[in-house]
Amino acid sequence: MTPIKILNLIERYEQELAALGVPKQRIDVTRTFASLTKDEMLAHAHCLCTGVKEYATDPDRQRKTGSHLSAIQMCLSFAGLYTLEELMDHNRP
């Protein structure tokens, strides 16, 4: 995906999470994703959006951008906002 596509997608996710009233809050790194509540997963996804917006236009941080985007999408799916198929569609050109 291009940086512009990634940024547009992240803005979409941020708008959706903000509309749901989800705060931006990083999870405790000693916890597992399985132990998180739906609200905690969404808050973590919302928090990670900031990093993606920072890294997306830096070619040296392309891998980190992809890792953060993957984690965001995983949280959104685990929380029941999107199916895997829907997320795959988001990533297509």
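Brief remarks follow.
- Unmet criterion (only one of (1) closer than 20 Å to residue 84 by Cβ; (2) crowded, with 21+ Cβ neighbours inside 10 Å) for residue 71: (2)
- For residue 34, the conditions (1) at pLDDT 95 or above; (2) among the aliphatic types (A, V, I, L, M); (3) out of contact with any Phe, Trp or Tyr (no Cβ under 6 Å at 6 or more places or on another chain) all hold with the exception of (1).
- Filtered residues of the stretch 19-30 (kept if touching a residue at least 12 places away in the same chain (Cβ under 8 Å) and farther than 12 Å from residue 44 by Cβ): 20
- The residues of the stretch 72-87 that are closer than 15 Å to residue 12 by Cα and of a type in the set (A, V, I, L, M), listed by number, are 72, 76, 81, 87.
The values are calculated or read from the model by the stated rules, or taken from the named source; none is laboratory data. These numbers were taken from a predicted model, which means no experiment stands behind them. For neighbour counting, all protein chains shown are included, and Cβ atoms are generated from backbone atoms with ideal geometry for every residue, glycine included.
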